[in-house]
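The values are calculated or read from the model by the stated rules, or taken from the named source; none is laboratory data. Predicted model only: the values in this text are computed from it and were never measured. Because the Cβ atoms are built from the backbone with ideal geometry, glycine has one as well, and the counts that use them run over all protein chains shown. Surface accessibility is based on the protein's heavy atoms, side chains included, excluding ligands, DNA and RNA. Shrake-Rupley method; radii C 1.70, N 1.55, O 1.52, S 1.80 Å.
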Amino acid sequence: MNQKNHLRIQLSATRRGARLARLLTGRQLAEWGAPFEEATQVVAELASNAVLHGRVRGRDFRLGLTLHDDGTLRIEVTDARGDRVPRLHDPVAEESECGRGLRIVAAYADRWGVAEALAGAKIVWAELVPGRGGP
């Protein structure tokens with residue numbers, strides 16, 4: 001797969017930074033002409049998790065978007081807590097206010113996972129293939 005379009009940006013590990021990640025994703029995909037409505041939701045969940053569970057005082061998180069020639073979109077969110085590896089848990093109660101983020105990512109993404117990054121950080125990534133249509 002050759003890279004067609006690529007974006008990397010560092011954002012503050014705050015709720016504002018997570019919102020900005022979602023907004024920037026929508027704008028960037030519109031600029032690229034990429035029809036990924038689901039991507040903004042995936043970014044929102046991964047960025048929120050980076051802020052809530054991957055935050056280390058004084059360290060930011062990074063958002064990466066890569067749109068490949070075949071139309072596959074790869075989303076990467078890097079946070080500072082490599083020791084906190086996200087996992088899908090048992091079904092979450094309907095009234096629960098947390099615990100659904102990775103289920104949403106898994107529903108929209110064709111593939112997702114976690115990789116180690118430098119300095120004890122981690123990358124949570126997801127790939128969306130065009131034409132799949134989400135959940």
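Numbers below:
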{"item": "Lone unmet requirement of (1) in contact (Cβ under 8 Å) with a residue 60 or more places away in the chain; (2) open to solvent by 70 Å² or more (accessible area, probe 1.4 Å) for Val42", "result": "(2)"}
{"item": "Restricting region 20-38 to residues that are open to solvent by 50 Å² or more (accessible area, probe 1.4 Å) and within 16 Å of Asp79 (Cβ to Cβ), the residue that is nearest to the chain's Cα centre (by Cα)", "result": "Arg22"}
{"item": "Of residues in region 1-18 being farther than 15 Å from Arg55 by Cβ and open to solvent by 100 Å² or more (accessible area, probe 1.4 Å), the one modelled with the lowest pLDDT", "result": "Met1"}
{"item": "Pick from region 110-130, criterion more than 26 Å from Ala34 (Cβ to Cβ) and of a type in the set (A, V, I, L, M), ranking: least open to solvent (accessible area, probe 1.4 Å)", "result": "Ala121"}
{"item": "Subset tally (residues that are at pLDDT 95 or above and either surrounded by fewer than 16 Cβ atoms within 10 Å (Cβ to Cβ) or of a type in the set (A, V, I, L, M, F, W, C) (or both)) for region 68-89", "result": "3"}
{"item": "Residue satisfying all of: in region 45-76; of a type in the set (Lys, Arg) and touching a residue at least 40 places away in the same chain (Cβ under 8 Å); nearest to Ala109 (Cα to Cα) among these", "result": "Arg74"}
{"item": "Residue that is of a type outside the set (Phe, Trp, Tyr), modelled with pLDDT of 95 or more and on the phi < 0 side of the Ramachandran plot, where the choices are Leu63, Leu52", "result": "Leu63"}
